[in-house]
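Reviewing the structure listed below.
The values are calculated or read from the model by the stated rules, or taken from the named source; none is laboratory data. Here the structure is a predicted model, which is why all the values come from computation and not from measurement. Ideal geometry is used to build each Cβ from the backbone, glycine not excepted, and the neighbour counts take in all protein chains shown. Heavy atoms of the whole protein, side chains included, go into the accessibility calculation; ligands, DNA and RNA do not. Shrake-Rupley method; radii C 1.70, N 1.55, O 1.52, S 1.80 Å.
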Amino acid sequence: MAERSDREQALRDAARTDEELADRLLAGDQEAFEVLVRRHHGRVRSLCYRMTGTRADAEDLSQETFLRVFRHRETYQSGRRFRVWLDRICMNVCLTHQERIKRTGPIVRLGDRTGELPAGALVGAAERQDPEARAQMNEMLKSVAKVTQDLPAQYRAALVLRIFGGLSYQEIADVLGISMGTVMSRINRARIRVRNQLKDL
Amino acid sequence: MTACDSTRKRLSAYLDGEVTPVECASIEGHLAGCAGCRTLREELARSTQMLANAPEPHWASDSTDQLVGRLRAQLARERPAPPAHAMAGQVAAARDGFNWRALVLPLAAVVLVVAVPGLWMTGVRRESARNAKAPGAVAADAEKMATARAVAPEPAALAPAPQASLAAVAPAVTANAVAVAAPAAAPAEVPAQLAQGKENSTAAGRAPGGGAAPAKDVLAKAEEPAKMQDAGLAGALARLEPAAPKLASVPARVKADVPTPTVQPASGALSALDIEIAALEARMARVEAEVSAFTTAARGDAHRESSQVASRRFATWR
(Lines give C-alpha, C1' and ligand atoms only; values in the text may rest on other atoms or scores of the structure.)
Protein backbone atom coordinates (compact mmCIF):
# COMPACT_ATOMS: atom_id res chain seq x y z
CA MET A 1 0.00 0.00 0.00
CA ALA A 2 2.76 2.38 1.02
CA GLU A 3 4.72 1.11 -1.93
CA ARG A 4 1.83 1.90 -4.19
CA SER A 5 1.40 5.41 -2.87
CA ASP A 6 5.18 5.91 -3.22
CA ARG A 7 4.87 4.84 -6.78
CA GLU A 8 1.92 7.14 -7.35
CA GLN A 9 3.86 9.98 -5.79
CA ALA A 10 6.80 9.21 -8.04
CA LEU A 11 4.53 9.25 -11.07
CA ARG A 12 3.02 12.54 -10.00
CA ASP A 13 6.49 14.01 -9.49
CA ALA A 14 7.59 12.70 -12.85
CA ALA A 15 4.67 14.50 -14.45
CA ARG A 16 5.59 17.82 -12.87
CA THR A 17 7.55 20.41 -14.76
CA ASP A 18 10.99 21.47 -13.62
CA GLU A 19 9.56 24.81 -12.61
CA GLU A 20 6.82 23.25 -10.44
CA LEU A 21 9.43 21.14 -8.71
CA ALA A 22 11.74 24.13 -8.36
CA ASP A 23 8.96 26.05 -6.61
CA ARG A 24 8.74 23.21 -4.13
CA LEU A 25 12.51 23.20 -3.84
CA LEU A 26 12.30 26.90 -2.97
CA ALA A 27 10.27 25.86 0.04
CA GLY A 28 13.00 23.40 1.02
CA ASP A 29 11.26 20.28 -0.28
CA GLN A 30 14.00 17.67 -0.51
CA GLU A 31 11.84 15.19 -2.41
CA ALA A 32 11.34 17.69 -5.21
CA PHE A 33 15.07 18.32 -5.13
CA GLU A 34 15.80 14.63 -5.61
CA VAL A 35 13.40 14.39 -8.53
CA LEU A 36 15.25 17.29 -10.15
CA VAL A 37 18.61 15.66 -9.46
CA ARG A 38 17.52 12.42 -11.06
CA ARG A 39 16.10 14.28 -14.01
CA HIS A 40 19.15 16.42 -14.72
CA HIS A 41 22.08 14.44 -13.40
CA GLY A 42 23.02 12.94 -16.75
CA ARG A 43 22.99 16.27 -18.53
CA VAL A 44 24.85 18.14 -15.79
CA ARG A 45 27.48 15.43 -15.56
CA SER A 46 27.90 15.50 -19.30
CA LEU A 47 28.42 19.27 -19.26
CA CYS A 48 30.93 18.90 -16.43
CA TYR A 49 32.75 16.16 -18.30
CA ARG A 50 32.98 18.26 -21.46
CA MET A 51 34.18 21.22 -19.46
CA THR A 52 36.85 19.36 -17.50
CA GLY A 53 37.65 16.35 -19.66
CA THR A 54 37.97 13.94 -16.76
CA ARG A 55 35.58 11.47 -15.33
CA ALA A 56 36.40 12.11 -11.68
CA ASP A 57 36.09 15.87 -12.07
CA ALA A 58 32.78 15.38 -13.85
CA GLU A 59 31.45 13.37 -10.92
CA ASP A 60 32.80 15.77 -8.31
CA LEU A 61 31.60 18.87 -10.08
CA SER A 62 28.14 17.54 -10.86
CA GLN A 63 27.75 16.71 -7.18
CA GLU A 64 29.00 20.17 -6.27
CA THR A 65 26.51 21.66 -8.73
CA PHE A 66 23.55 19.93 -7.09
CA LEU A 67 24.74 20.77 -3.62
CA ARG A 68 24.86 24.41 -4.65
CA VAL A 69 21.40 24.07 -6.17
CA PHE A 70 20.05 23.03 -2.80
CA ARG A 71 22.12 25.41 -0.71
CA HIS A 72 21.33 28.41 -2.87
CA ARG A 73 17.79 27.42 -3.78
CA GLU A 74 16.52 30.83 -2.69
CA THR A 75 18.32 32.39 -5.66
CA TYR A 76 15.97 30.59 -8.03
CA GLN A 77 13.33 33.05 -9.17
CA SER A 78 9.93 31.46 -9.39
CA GLY A 79 8.61 31.50 -12.93
CA ARG A 80 12.05 31.53 -14.56
CA ARG A 81 13.33 28.54 -16.48
CA PHE A 82 14.86 26.08 -14.06
CA ARG A 83 17.30 24.67 -16.60
CA VAL A 84 18.90 28.04 -17.28
CA TRP A 85 19.40 28.57 -13.56
CA LEU A 86 20.79 25.05 -13.15
CA ASP A 87 23.17 25.40 -16.10
CA ARG A 88 24.41 28.72 -14.77
CA ILE A 89 25.29 27.11 -11.45
CA CYS A 90 26.91 24.22 -13.28
CA MET A 91 29.00 26.53 -15.46
CA ASN A 92 30.03 28.62 -12.47
CA VAL A 93 31.15 25.48 -10.69
CA CYS A 94 33.13 24.35 -13.72
CA LEU A 95 34.70 27.75 -14.41
CA THR A 96 35.63 28.19 -10.75
CA HIS A 97 37.23 24.78 -10.88
CA GLN A 98 39.20 25.78 -14.01
CA GLU A 99 40.38 28.95 -12.30
CA ARG A 100 41.56 26.97 -9.31
CA ILE A 101 43.42 24.54 -11.52
CA LYS A 102 45.04 27.39 -13.37
CA ARG A 103 46.33 28.76 -10.06
CA THR A 104 47.33 25.57 -8.29
CA GLY A 105 47.93 23.15 -11.18
CA PRO A 106 45.80 20.17 -12.04
CA ILE A 107 44.96 17.61 -9.42
CA VAL A 108 46.35 14.41 -10.93
CA ARG A 109 44.31 11.42 -9.95
CA LEU A 110 45.52 7.89 -10.42
CA GLY A 111 44.42 6.60 -13.81
CA ASP A 112 42.54 9.72 -14.65
CA ARG A 113 44.85 12.05 -16.47
CA THR A 114 43.24 14.97 -18.24
CA GLY A 115 41.91 14.01 -21.62
CA GLU A 116 42.34 10.33 -21.12
CA LEU A 117 39.40 8.15 -21.96
CA PRO A 118 39.01 5.00 -19.96
CA ALA A 119 39.16 1.63 -21.71
CA GLY A 120 35.83 0.68 -23.22
CA ALA A 121 34.80 4.29 -23.55
CA LEU A 122 33.70 3.80 -27.11
CA VAL A 123 29.97 3.36 -27.06
CA GLY A 124 28.34 1.74 -30.02
CA ALA A 125 31.39 2.19 -32.21
CA ALA A 126 31.91 -0.33 -34.99
CA GLU A 127 35.61 -0.03 -34.34
CA ARG A 128 35.16 -1.85 -31.08
CA GLN A 129 35.55 -5.13 -32.95
CA ASP A 130 38.80 -4.14 -34.65
CA PRO A 131 41.67 -3.43 -32.21
CA GLU A 132 43.62 -1.38 -34.70
CA ALA A 133 40.66 0.78 -35.65
CA ARG A 134 39.81 1.11 -31.99
CA ALA A 135 43.28 2.37 -31.13
CA GLN A 136 43.09 4.85 -33.97
CA MET A 137 39.69 6.03 -32.90
CA ASN A 138 40.84 6.35 -29.32
CA GLU A 139 43.73 8.51 -30.43
CA MET A 140 41.41 10.74 -32.33
CA LEU A 141 39.03 11.03 -29.41
CA LYS A 142 41.88 11.96 -27.13
CA SER A 143 42.80 14.70 -29.53
CA VAL A 144 39.21 15.91 -29.64
CA ALA A 145 39.05 15.97 -25.87
CA LYS A 146 42.36 17.81 -25.73
CA VAL A 147 41.17 20.31 -28.29
CA THR A 148 38.16 21.14 -26.15
CA GLN A 149 40.37 21.51 -23.11
CA ASP A 150 42.72 23.83 -24.94
CA LEU A 151 39.97 26.35 -25.65
CA PRO A 152 39.75 29.41 -23.40
CA ALA A 153 37.30 28.61 -20.64
CA GLN A 154 34.70 31.16 -21.73
CA TYR A 155 34.76 29.90 -25.35
CA ARG A 156 34.54 26.33 -24.13
CA ALA A 157 31.57 27.14 -21.91
CA ALA A 158 29.61 28.62 -24.82
CA LEU A 159 30.50 25.78 -27.17
CA VAL A 160 29.79 23.06 -24.61
CA LEU A 161 26.41 24.57 -23.78
CA ARG A 162 25.59 24.63 -27.48
CA ILE A 163 26.85 21.21 -28.53
CA PHE A 164 26.31 19.14 -25.37
CA GLY A 165 23.66 21.18 -23.59
CA GLY A 166 21.57 21.76 -26.69
CA LEU A 167 20.85 25.34 -25.59
CA SER A 168 19.80 28.10 -27.97
CA TYR A 169 22.01 31.17 -28.29
CA GLN A 170 19.54 33.14 -26.22
CA GLU A 171 19.64 30.54 -23.45
CA ILE A 172 23.44 30.50 -23.54
CA ALA A 173 23.40 34.29 -23.24
CA ASP A 174 21.11 33.95 -20.19
CA VAL A 175 23.23 31.24 -18.60
CA LEU A 176 26.54 33.03 -19.06
CA GLY A 177 25.14 36.50 -18.56
CA ILE A 178 26.47 37.79 -21.88
CA SER A 179 24.87 39.27 -24.99
CA MET A 180 23.65 37.30 -27.98
CA GLY A 181 26.35 38.90 -30.10
CA THR A 182 29.04 37.75 -27.70
CA VAL A 183 27.59 34.24 -27.70
CA MET A 184 27.65 34.19 -31.49
CA SER A 185 31.25 35.35 -31.75
CA ARG A 186 32.53 33.10 -28.96
CA ILE A 187 30.96 30.02 -30.47
CA ASN A 188 32.22 30.92 -33.91
CA ARG A 189 35.77 31.50 -32.70
CA ALA A 190 35.71 28.34 -30.67
CA ARG A 191 34.57 26.36 -33.70
CA ILE A 192 37.27 27.82 -35.91
CA ARG A 193 39.93 26.94 -33.31
CA VAL A 194 38.63 23.42 -33.03
CA ARG A 195 38.57 23.09 -36.80
CA ASN A 196 42.17 24.36 -37.05
CA GLN A 197 43.35 21.73 -34.61
CA LEU A 198 41.29 18.88 -36.00
CA LYS A 199 42.02 19.69 -39.63
CA ASP A 200 44.79 17.12 -39.79
CA LEU A 201 42.83 14.28 -38.27
CA MET B 1 34.59 44.04 -44.34
CA THR B 2 34.50 41.65 -47.25
CA ALA B 3 31.55 39.42 -48.01
CA CYS B 4 33.72 36.44 -46.93
CA ASP B 5 34.46 38.01 -43.51
CA SER B 6 30.83 38.81 -42.98
CA THR B 7 29.82 35.25 -43.88
CA ARG B 8 32.55 33.57 -41.81
CA LYS B 9 31.58 35.54 -38.73
CA ARG B 10 28.09 34.17 -38.92
CA LEU B 11 28.88 30.70 -40.21
CA SER B 12 28.50 29.01 -36.80
CA ALA B 13 25.20 30.74 -36.18
CA TYR B 14 24.13 29.70 -39.67
CA LEU B 15 25.05 26.06 -38.91
CA ASP B 16 23.18 26.28 -35.61
CA GLY B 17 20.09 27.74 -37.27
CA GLU B 18 20.46 30.95 -35.27
CA VAL B 19 20.25 33.45 -38.11
CA THR B 20 17.24 35.31 -39.44
CA PRO B 21 15.74 34.19 -42.76
CA VAL B 22 17.20 37.31 -44.40
CA GLU B 23 20.70 36.58 -43.07
CA CYS B 24 20.29 32.97 -44.05
CA ALA B 25 19.46 33.93 -47.62
CA SER B 26 22.44 36.29 -47.86
CA ILE B 27 24.84 33.66 -46.43
CA GLU B 28 23.57 30.98 -48.75
CA GLY B 29 23.86 33.41 -51.64
CA HIS B 30 27.52 34.01 -50.80
CA LEU B 31 28.30 30.31 -50.21
CA ALA B 32 26.89 29.44 -53.62
CA GLY B 33 29.57 31.57 -55.27
CA CYS B 34 32.53 31.16 -52.81
CA ALA B 35 34.37 27.82 -52.71
CA GLY B 36 36.61 28.95 -49.78
CA CYS B 37 33.66 29.74 -47.53
CA ARG B 38 31.94 26.54 -48.62
CA THR B 39 35.02 24.55 -47.54
CA LEU B 40 35.12 26.34 -44.20
CA ARG B 41 31.45 25.53 -43.67
CA GLU B 42 32.14 21.82 -44.33
CA GLU B 43 35.11 21.81 -41.97
CA LEU B 44 33.25 23.57 -39.21
CA ALA B 45 30.35 21.17 -39.57
CA ARG B 46 32.69 18.18 -39.52
CA SER B 47 34.70 19.28 -36.48
CA THR B 48 31.52 20.08 -34.60
CA GLN B 49 30.28 16.62 -35.47
CA MET B 50 33.50 15.10 -34.17
CA LEU B 51 33.18 16.96 -30.90
CA ALA B 52 29.57 15.98 -30.50
CA ASN B 53 30.30 12.34 -31.27
CA ALA B 54 33.17 12.01 -28.84
CA PRO B 55 31.82 9.45 -26.41
CA GLU B 56 31.53 9.95 -22.70
CA PRO B 57 33.09 7.56 -20.23
CA HIS B 58 30.96 4.63 -19.23
CA TRP B 59 29.11 5.73 -16.12
CA ALA B 60 27.94 3.17 -13.62
CA SER B 61 24.26 2.44 -14.12
CA ASP B 62 23.50 3.28 -10.49
CA SER B 63 25.61 6.41 -10.48
CA THR B 64 22.54 8.64 -10.12
CA ASP B 65 21.35 6.63 -7.13
CA GLN B 66 24.83 6.92 -5.66
CA LEU B 67 24.82 10.65 -6.22
CA VAL B 68 21.41 11.03 -4.58
CA GLY B 69 22.72 9.01 -1.63
CA ARG B 70 25.80 11.20 -1.32
CA LEU B 71 23.72 14.37 -1.58
CA ARG B 72 21.34 13.11 1.07
CA ALA B 73 24.21 12.32 3.40
CA GLN B 74 25.89 15.64 2.77
CA LEU B 75 22.70 17.65 3.25
CA ALA B 76 21.92 15.68 6.41
CA ARG B 77 25.38 16.58 7.70
CA GLU B 78 24.79 20.20 6.80
CA ARG B 79 21.30 20.34 8.22
CA PRO B 80 22.48 20.22 11.82
CA ALA B 81 24.58 23.28 11.00
CA PRO B 82 21.81 25.83 10.44
CA PRO B 83 19.67 24.01 13.01
CA ALA B 84 22.72 24.25 15.26
CA HIS B 85 21.92 27.94 15.61
CA ALA B 86 18.26 27.11 15.91
CA MET B 87 19.11 24.53 18.55
CA ALA B 88 21.19 27.03 20.44
CA GLY B 89 18.23 29.34 20.16
CA GLN B 90 15.97 26.60 21.43
CA VAL B 91 18.19 25.94 24.39
CA ALA B 92 18.21 29.63 25.14
CA ALA B 93 14.47 29.70 24.65
CA ALA B 94 14.08 26.75 26.98
CA ARG B 95 16.17 28.58 29.53
CA ASP B 96 14.12 31.70 29.03
CA GLY B 97 10.97 29.63 29.15
CA PHE B 98 12.00 28.22 32.51
CA ASN B 99 12.68 31.68 33.82
CA TRP B 100 9.40 32.94 32.52
CA ARG B 101 7.54 30.07 34.07
CA ALA B 102 9.33 30.72 37.32
CA LEU B 103 8.32 34.34 37.03
CA VAL B 104 4.66 33.55 36.48
CA LEU B 105 3.84 32.66 40.08
CA PRO B 106 5.51 35.63 41.78
CA LEU B 107 4.07 37.95 39.15
CA ALA B 108 0.63 36.46 39.62
CA ALA B 109 1.02 36.90 43.36
CA VAL B 110 1.99 40.53 42.92
CA VAL B 111 -0.92 41.15 40.58
CA LEU B 112 -3.34 39.47 42.96
CA VAL B 113 -2.00 41.32 45.97
CA VAL B 114 -2.67 44.54 44.14
CA ALA B 115 -5.94 43.45 42.59
CA VAL B 116 -7.54 41.40 45.36
CA PRO B 117 -8.59 44.23 47.62
CA GLY B 118 -10.39 45.73 44.66
CA LEU B 119 -11.88 42.40 43.68
CA TRP B 120 -12.87 41.73 47.23
CA MET B 121 -14.65 45.04 47.45
CA THR B 122 -16.57 44.48 44.25
CA GLY B 123 -17.22 40.90 45.37
CA VAL B 124 -18.84 42.14 48.53
CA ARG B 125 -20.92 44.57 46.53
CA ARG B 126 -21.93 41.94 44.03
CA GLU B 127 -22.82 39.47 46.74
CA SER B 128 -25.05 41.89 48.53
CA ALA B 129 -26.64 42.89 45.25
CA ARG B 130 -27.34 39.28 44.45
CA ASN B 131 -28.86 38.71 47.83
CA ALA B 132 -31.07 41.70 47.33
CA LYS B 133 -32.11 40.72 43.84
CA ALA B 134 -32.81 37.01 44.14
CA PRO B 135 -35.13 35.45 43.32
CA GLY B 136 -37.30 37.97 41.52
CA ALA B 137 -34.42 39.76 39.83
CA VAL B 138 -32.93 36.52 38.57
CA ALA B 139 -36.26 35.52 37.14
CA ALA B 140 -36.46 38.87 35.41
CA ASP B 141 -32.94 38.42 34.04
CA ALA B 142 -33.77 34.96 32.79
CA GLU B 143 -36.85 36.25 31.09
CA LYS B 144 -34.82 38.97 29.39
CA MET B 145 -32.38 36.37 28.12
CA ALA B 146 -35.17 34.14 26.87
CA THR B 147 -36.77 36.96 24.93
CA ALA B 148 -33.42 37.89 23.46
CA ARG B 149 -32.95 34.35 22.21
CA ALA B 150 -36.50 34.01 21.01
CA VAL B 151 -36.19 37.17 18.91
CA ALA B 152 -33.06 36.07 17.07
CA PRO B 153 -34.19 32.67 15.74
CA GLU B 154 -37.62 33.83 14.62
CA PRO B 155 -37.05 33.89 10.82
CA ALA B 156 -35.61 30.39 10.90
CA ALA B 157 -38.38 29.16 13.13
CA LEU B 158 -40.89 30.21 10.51
CA ALA B 159 -39.02 28.35 7.79
CA PRO B 160 -40.16 24.76 7.25
CA ALA B 161 -37.91 21.96 8.50
CA PRO B 162 -36.80 20.61 5.08
CA GLN B 163 -35.36 24.01 4.27
CA ALA B 164 -33.61 23.87 7.56
CA SER B 165 -32.01 20.60 6.48
CA LEU B 166 -30.45 22.48 3.58
CA ALA B 167 -29.49 25.26 5.91
CA ALA B 168 -27.75 22.82 8.20
CA VAL B 169 -25.32 21.92 5.45
CA ALA B 170 -24.80 25.61 4.72
CA PRO B 171 -23.96 28.36 7.21
CA ALA B 172 -23.59 27.36 10.81
CA VAL B 173 -25.28 30.54 11.93
CA THR B 174 -28.57 29.52 10.39
CA ALA B 175 -28.22 26.03 11.75
CA ASN B 176 -27.61 27.47 15.14
CA ALA B 177 -30.71 29.59 14.83
CA VAL B 178 -32.73 26.50 13.91
CA ALA B 179 -31.41 24.58 16.86
CA VAL B 180 -32.30 27.33 19.22
CA ALA B 181 -35.59 27.91 17.53
CA ALA B 182 -36.77 24.33 17.66
CA PRO B 183 -36.98 23.99 21.42
CA ALA B 184 -38.13 27.57 21.77
CA ALA B 185 -40.92 27.16 19.26
CA ALA B 186 -44.38 26.36 20.50
CA PRO B 187 -44.56 22.57 21.11
CA ALA B 188 -47.49 22.27 18.75
CA GLU B 189 -45.34 23.48 15.86
CA VAL B 190 -42.73 20.78 16.28
CA PRO B 191 -44.81 17.74 15.25
CA ALA B 192 -46.07 19.72 12.30
CA GLN B 193 -42.54 20.45 11.20
CA LEU B 194 -41.49 16.87 11.72
CA ALA B 195 -44.41 15.63 9.68
CA GLN B 196 -43.54 18.01 6.91
CA GLY B 197 -39.94 16.87 7.15
CA LYS B 198 -41.07 13.30 6.62
CA GLU B 199 -43.09 14.17 3.54
CA ASN B 200 -40.31 16.12 1.96
CA SER B 201 -37.64 13.64 2.86
CA THR B 202 -39.44 10.74 1.22
CA ALA B 203 -40.14 12.90 -1.78
CA ALA B 204 -36.45 13.70 -1.98
CA GLY B 205 -35.69 9.98 -1.86
CA ARG B 206 -33.78 10.13 1.38
CA ALA B 207 -33.66 7.11 3.67
CA PRO B 208 -37.05 7.17 5.35
CA GLY B 209 -35.91 5.39 8.51
CA GLY B 210 -38.14 6.85 11.22
CA GLY B 211 -40.66 9.52 10.36
CA ALA B 212 -38.84 12.51 11.77
CA ALA B 213 -35.38 11.35 10.75
CA PRO B 214 -34.37 14.32 8.60
CA ALA B 215 -35.63 16.87 11.03
CA LYS B 216 -33.83 15.04 13.81
CA ASP B 217 -30.73 15.03 11.69
CA VAL B 218 -30.99 18.72 11.31
CA LEU B 219 -31.35 19.21 14.99
CA ALA B 220 -28.51 16.86 15.82
CA LYS B 221 -26.24 18.57 13.34
CA ALA B 222 -27.40 21.97 14.39
CA GLU B 223 -26.63 21.20 18.01
CA GLU B 224 -22.94 21.02 17.26
CA PRO B 225 -22.32 24.65 16.34
CA ALA B 226 -25.07 25.63 18.71
CA LYS B 227 -23.26 23.82 21.45
CA MET B 228 -20.13 25.90 20.92
CA GLN B 229 -21.94 29.20 20.70
CA ASP B 230 -24.14 28.30 23.61
CA ALA B 231 -21.22 27.45 25.83
CA GLY B 232 -21.15 30.96 27.20
CA LEU B 233 -24.89 30.95 27.72
CA ALA B 234 -24.74 27.51 29.26
CA GLY B 235 -22.20 28.88 31.68
CA ALA B 236 -24.56 31.67 32.59
CA LEU B 237 -27.39 29.19 33.03
CA ALA B 238 -25.20 26.97 35.15
CA ARG B 239 -24.53 29.92 37.36
CA LEU B 240 -28.24 30.49 37.62
CA GLU B 241 -28.99 26.87 38.37
CA PRO B 242 -28.33 26.89 42.13
CA ALA B 243 -31.06 29.49 42.33
CA ALA B 244 -33.33 27.57 39.98
CA PRO B 245 -35.08 25.29 42.48
CA LYS B 246 -36.17 28.40 44.29
CA LEU B 247 -37.51 29.91 41.10
CA ALA B 248 -40.83 28.24 40.54
CA SER B 249 -41.81 31.24 38.49
CA VAL B 250 -39.11 30.85 35.83
CA PRO B 251 -40.97 30.79 32.52
CA ALA B 252 -41.18 27.47 30.75
CA ARG B 253 -39.42 28.98 27.77
CA VAL B 254 -36.25 29.47 29.73
CA LYS B 255 -36.26 25.84 30.76
CA ALA B 256 -36.78 24.89 27.15
CA ASP B 257 -33.73 26.94 26.37
CA VAL B 258 -31.53 24.34 27.98
CA PRO B 259 -31.84 22.08 24.99
CA THR B 260 -32.67 18.86 26.85
CA PRO B 261 -36.36 18.52 26.28
CA THR B 262 -38.77 17.51 23.53
CA VAL B 263 -36.23 16.26 20.95
CA GLN B 264 -34.57 13.03 22.09
CA PRO B 265 -32.18 12.03 19.29
CA ALA B 266 -29.75 14.81 20.01
CA SER B 267 -28.89 13.14 23.31
CA GLY B 268 -25.22 12.71 22.34
CA ALA B 269 -24.81 16.41 21.81
CA LEU B 270 -26.82 17.10 24.94
CA SER B 271 -24.75 14.86 27.15
CA ALA B 272 -21.73 16.65 25.74
CA LEU B 273 -23.39 19.88 26.79
CA ASP B 274 -24.01 18.45 30.23
CA ILE B 275 -20.36 17.55 30.55
CA GLU B 276 -19.42 21.04 29.51
CA ILE B 277 -21.77 22.56 32.01
CA ALA B 278 -20.30 20.37 34.71
CA ALA B 279 -16.79 21.39 33.68
CA LEU B 280 -17.74 25.04 33.74
CA GLU B 281 -19.29 24.62 37.17
CA ALA B 282 -16.17 22.93 38.44
CA ARG B 283 -14.08 25.76 37.06
CA MET B 284 -16.32 28.34 38.64
CA ALA B 285 -15.98 26.56 41.95
CA ARG B 286 -12.20 26.49 41.61
CA VAL B 287 -12.03 30.17 40.73
CA GLU B 288 -14.29 31.03 43.64
CA ALA B 289 -12.16 28.99 46.00
CA GLU B 290 -9.04 30.70 44.73
CA VAL B 291 -10.54 34.13 45.06
CA SER B 292 -11.75 33.47 48.58
CA ALA B 293 -8.35 32.02 49.53
CA PHE B 294 -6.65 35.11 48.26
CA THR B 295 -9.22 37.31 49.90
CA THR B 296 -8.50 35.68 53.24
CA ALA B 297 -4.80 35.91 52.62
CA ALA B 298 -5.09 39.54 51.67
CA ARG B 299 -7.17 40.45 54.68
CA GLY B 300 -4.59 40.22 57.44
CA ASP B 301 -1.14 41.68 57.21
CA ALA B 302 -0.48 39.29 54.39
CA HIS B 303 0.04 42.09 51.86
CA ARG B 304 3.57 42.92 52.89
CA GLU B 305 4.46 39.35 53.70
CA SER B 306 3.36 37.82 50.44
CA SER B 307 5.05 40.49 48.39
CA GLN B 308 8.22 39.79 50.32
CA VAL B 309 7.81 36.12 49.65
CA ALA B 310 7.20 36.91 46.03
CA SER B 311 10.29 39.00 45.65
CA ARG B 312 12.37 36.43 47.50
CA ARG B 313 11.06 33.69 45.22
CA PHE B 314 11.68 35.93 42.27
CA ALA B 315 15.26 36.40 43.39
CA THR B 316 15.92 32.68 43.87
CA TRP B 317 14.33 31.68 40.59
CA ARG B 318 16.09 34.37 38.74
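Can you pull the Rg over Rh of region A:31-108, Cα-only, Kirkwood?
Over the Cα atoms of region A:31-108, Rg/Rh equals 0.99.
When the convex hull of the Cα atoms of chain A is projected onto a plane and the area is averaged over all directions, what value comes out in nm²? Each step should come with its number before you reach the end.
Working: hull surface 57.5 nm².
So the mean shadow area of the Cα hull is 14.4 nm².
Using label points projected 7 Å from each Cα along Cα→Cβ, tell me how many nm separate B:THR296 and A:ILE101, to one decimal.
Those two pseudo-labels are separated by 8.8 nm.
Along region A:182-191, what does the Karplus equation 6.51 cos²θ - 1.76 cosθ + 1.60 (θ = phi - 60°) give for ³J(HN,Hα), rounded to whole Hz, x for Gly and Pro?
Along region A:182-191, the couplings run 5, 4, 4, 6, 5, 5, 5, 5, 4, 5 Hz.
So what's the back-of-envelope 222 nm ellipticity for chain A, counting only DSSP H runs of four-plus at -39500 (n - 2.57) apiece and dividing by all residues, rounded to 500?
When only DSSP H runs of four or more count, the value is -24000 deg cm²/dmol.
If you take the beta carbon distance between B:CYS24 and B:THR2 as r and set R0 to 22 Å, what does 1/(1 + (r/R0)^6) give as a FRET efficiency, to the nearest 0.05?
The computed FRET efficiency comes out at 0.70.
Across peptide B:55-67, how many C-beta atoms of other chains are within 10 Å of each residue C-beta, on average?
Partner Cβ neighbours, averaged per residue: 6.
Give, to the nearest whole percent, the P(r) tail of region A:153-201 beyond 13 angstrom, counting all Cα pairs.
Across region A:153-201, Cα pairs with separations above 13 Å total 52 percent.
What FRET efficiency do you get for A:GLN30 and A:LYS146 if R0 is 45 Å and r is their Cβ-Cβ distance, rounded to the nearest 0.05?
E(calc), rounded to 0.05, equals 0.70.
Work out the mean other chain Cβ neighbour count within 10 Å for the residues of A:85-93 and drop it here as an integer.
Working: counts 0, 0, 0, 0, 0, 0, 0, 0, 0.
Mean inter-chain Cβ contacts per residue within 10 Å come to 0.
First measure r as the distance between the Cβ atoms of A:ARG71 and A:GLN170, then evaluate 1/(1 + (r/R0)^6) with R0 = 30 Å and state the FRET efficiency to the nearest 0.05.
In this case the efficiency is close to 0.60.
Estimate for me the total accessible surface buried between chains B and A (protein heavy atoms, probe 1.4 Å, no ligands or nucleic acids), in Å² to the nearest 100.
Heavy-atom accessible area buried at this interface is about 3900 Å².
In Å², and per residue, what accessible area does region A:39-86 have when probed at 1.4 Å with the other protein chains present? Mind dumping the intermediate values first?
Values: 1780 Å² over 48 residues.
Heavy-atom SASA per residue in region A:39-86 reads 37 Å².
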